[in-house]
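What follows is a single structure, written as structure tokens, with notes after it.
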Amino acid sequence: MGRAFVYVILGGGVAAGYAAHEFVKRGVEHGELCIISEEPVAPYERPALSKGYLLPEDPARLPAFHCCVGTNEERLTPKWYKEHGIELVLGTRVKSADVRRKTLLTATGETITYKILLVATGARALKLEEFGVKGSDAESVCYLRDLADANRLVNVMQSSSGGNAVVIGGGYIGMECAASLVINKINVTMVFPEAHCMARLFTPKIASYYEEYYQAKGVKFVKGTVLTSFDFDSNQKITAVNLRDGTRLPADMVIVGIGIRPNTSLFEGQLTLEKGGIKVNGRMQSSNSSVYAVGDVATFPVKISSETRRLEHVDSARKSARHAVAAIMEPEKTTDFDYLPFFYSRVFALSWQFYGDSTGDVIHFGDFLGNSFGAYWVNNGHVVGSFLEGGTKVEYEAIAKITRLKPEIEDLTDLETQGLGFALTL
Ligand code: FAD
Ligand code: NAD
Ligand code: ISD
């Protein structure tokens, strides 16, 4: 059995939702587009899962955060897809792909053919087992990638109220989940191998601000070490985690956020891969001209970095998806994707934004004892990256603009003195 479509989006996450919206804006015909997703629900704003979804009071729940509410656009409910003649094949995993024959085989045994394929398979959370630690399947060990994980996490949090949680990993998931745990009145210890949190982006000075803020909320940090094993009671319930440095931390629950791997396996040996993702050009087109890739799974040329990069953030997923659809539907009018990397987070009363590339010399500015400060990254004499905590809309727009303009910097001390004023007056 089988079905045929002009366009197929493989994956039903953020990029899929924004791509579908763009297909409709550009006049896709009824019956031409299909989305196949392993998840049982229509595309939604994944960032909500580590923020609003985990709140103890009035938590965010679907259908409130289907795409594209994250950019204040219309909310694409299952009804919207139906009204626009888009086939949603949900709860269905694609188990193999043949890009030469332009076919996908689903786990339910259906063959779906396409003229153009948009790969939006995102990524999977890395498991502790991949670092030689057993016990990921224990009842109170939580990962966070999809809605099923989030529901499980909510249940485990509710049964651990007043107890102890150990958060493994000091990246985005670790920081955002630790804040949610505190709000849920659970005692938190964070464990990670680096010298400070958010080591992929934060400087030691920026990290120490957030760590002190978290400590004031009761969070404990154990740095420079990793988890080696769990202790279990006679009911196979976790009682503690053991660390390489010999520390034993009592634990009622554990959240693991130790990074991701892009879901590329269907295309290994068929498409060119680079930096862990599917290599695409400025039109998001892979080494096979009928296959495009977007979101977490795509490695694309980033002008400000003068290299190809794979970004794991929602703004990139949304914009790369829209760009690919523009390139597919109106190729002659579409130029190369010119994307300025944008990352952000919101925890407690804090909120930061980062634009560009975090390479070169770092110039910090602002009040690190107060609630608004930032940094510029200057590489080869030009501003290439900007970070701001506690900014206003106008201030965030200013640092985005300055990073895109890449102004020349003659005197780093002068830049430090001007601080945020440099971006605001340029
Ligand atoms: P995804 O949204 O992961 O979607 C991939 C989809 O493909 C899923 O539906 C998956 O089930 C499906 N799929 C995969 N393989 C198959 C297959 N073989 N068959 C069928 N379906 C398949 N970024 C930010 O910038 N800010 C944030 O605040 C933020 N918060 C986040 C919070 C959480 C909890 C998580 C997990 C991520 C967060 N991110 C955030 C990152 C952001 O959500 C991702 O970058 C974004 O979701 C990537 O979109 P995507 O469509 O490429 O992948
Ligand atoms: P991450 O890459 O942000 O952080 C991974 C962390 O794992 C590292 O900081 C490190 O501390 C830790 N680590 C690595 N190896 C370890 C080991 N052996 N033992 C213990 N810790 C180890 O990844 P994440 O936090 O898992 O986030 C997953 C994905 O979700 C990422 O793509 C991220 O961008 C995305 N996300 C983004 C946001 C946001 O942008 N605001 C929020 C949540 C999730
Ligand atoms: O970008 C985002 C974000 O941080 C969220 O929480 O999109 C979601 C939605 O705003 C949730 O409704």
Taking the alpha-carbon set of the stretch 1-109, what are its Rg and Dmax in Å? 14.9, 51
Computed curve, the chain, Cα-only Debye sum without solvent term, log₁₀ I(q)/I(0) at 0.09 Å⁻¹, is -0.61
If you roll a 1.4 angstrom probe over the protein chains with everything in place, what fraction of the accessible area of the stretch 311-405 belongs to carbon and sulfur, to the nearest %? 50
Quick one: compute the contact order of the stretch 1-116, relative version, from alpha carbon pairs under 8 angstrom and 6+ residues apart, as a percent. 34
Based on DSSP H assignment, which helices of the chain show an axial Cα extent of at least 20 Å together with a mean Kyte-Doolittle hydropathy greater than or equal to 0.0? 314-329
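Of the accessible area of the stretch 139-198, with the probe set at 1.4 angstrom, what percent is carbon plus sulfur?
For the stretch 139-198, the apolar C and S fraction of the accessible surface comes to 49 percent.
Can you pull the semi-axes for the stretch 165-275, root of five times each eigenvalue of the Cα gyration tensor, sorted largest first, whole Å?
Working: eigenvalues 146, 87, 35 Å².
Here the semi-axes work out to 27, 21, 13 Å.
What whole-number volume per residue, in cubic angstrom, does the convex hull of the C-alpha atoms of the stretch 257-379 give? Walk me through the numbers before you get to the answer.
Numbers: hull volume 17.4 nm³, N = 123.
Spelled out: Cα convex hull of the stretch 257-379, divided by residues, is 142 Å³.
Given a 1.4 angstrom probe, what's the average accessible area per residue across the stretch 19-125, in square angstrom? Please report the intermediate quantities before stating the final value.
Numbers: 4890 Å² over 107 residues.
With all protein chains present, the stretch 19-125 gives 46 Å² per residue.
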Translational diffusion coefficient, Stokes-Einstein: compute it for the stretch 129-229 using the Kirkwood radius over C-alpha pairs as Rh, at 20 °C and 1.002 mPa s, and state it as an integer in µm² s⁻¹. 151
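Where in the chain lies the longest segment free of trypsin sites (Lys or Arg not before Pro) that are both loop residues by DSSP (not H, G, I, E, B) and have at most 10 other Cβ atoms within 10 Å?
Numbers: sites that count: 100, 101, 134.
For trypsin sites (Lys or Arg not before Pro) (loop position, at most 10 other Cβ atoms within 10 Å), the longest site-free span of the chain is 135-426.
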What whole-number value in Å² describes the accessible area per residue of the stretch 288-426 for a 1.4 Å probe? 43
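The values are calculated or read from the model by the stated rules, or taken from the named source; none is laboratory data. The structure presented is a predicted model; accordingly, all values stated were derived computationally and were not measured. FYI the Cβ positions are ideal-geometry reconstructions off the backbone, even for glycines, and counts take in every protein chain you see. Note: accessible area is taken over every heavy atom of the protein model, side chains too, but ligands, DNA and RNA are not part of it. Shrake-Rupley method; radii C 1.70, N 1.55, O 1.52, S 1.80 Å.
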